[in-house]
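Please read the structure below before turning to the comments.
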Amino acid sequence: MSGRRWTRLAVTTSAVAVLAALALEGGNGVSQARPVISDGPGNAAPPAFQTMVACERSGNRVCNPEAEATSEAGNPLSQPPSPHPKYLTLDEVTARVRGTATTTPEIHARFMSYPDFERLSGEYSSTVHPARMVWVVTVHADEWTQATLQRGPQLVHYYTVVIDAETGMVSDSCIGCNLITS
């Protein structure tokens, strides 16, 4: 899994912290926004951003508890499942993933707890409640990765999505990840 980037599809603490840091340091909007990368004296990242980066580099999972609590309050995935949840079936999940595709891609899926997905993928999310059950689905179909500054988009032949089994919400995705192989 190294080299692949999982996309968390909920607001993360880091995103909230970056936006808050820019708002605190920038004042009234884009016209006063400062670069967040320091390339020398007089062009340093805002202090709030520097504090957040230092916290994340130290290995802390939650660096801004207030922002974490706010983002979790409106996120159904951060709550425990219903007392008697009705889970999506394999057929329902594959139909959602297949969508309106004109061909029938090869699909592999596994039903598991979110902590089991974390162990399988090596990813961690403090925004998904550990009691939630998910479908981890790998689709064998051509997909383009996002371009980066170092390289253009790359054609890959599979992608993996993580779907909350109760709500049907996608919590994570990874283009180019072949997590479930059978």
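Readers should treat all values here as calculations from the given coordinates under stated rules, not as data from a laboratory. Because the structure is a prediction, the values reported are computed rather than measured. Using ideal geometry, Cβ is built from the backbone for each residue, glycine included, and neighbour counts are taken over all protein chains shown.
Descriptive notes on the structure:
- Directionally averaged projected area (convex hull, Cα atoms, region 136-182), nm²: 3.7
- Length gained on full extension, Asp91 to Glu123, computed as 0.36 nm times the residue gap minus the Cα-Cα distance: 8.9 nm.
- Region 93-150 shape via C-alpha gyration tensor axes, a/c threshold 1.5: oblate
- Ordering of 115-127, 131-143 by packing is 131-143, 115-127, highest average first (other Cβ atoms within 10 Å, averaged per residue).
- Potential lengthening of the chain between Gln50 and Ser82 amounts to 7.6 nm, from the contour at 0.36 nm per residue minus the alpha-carbon distance.
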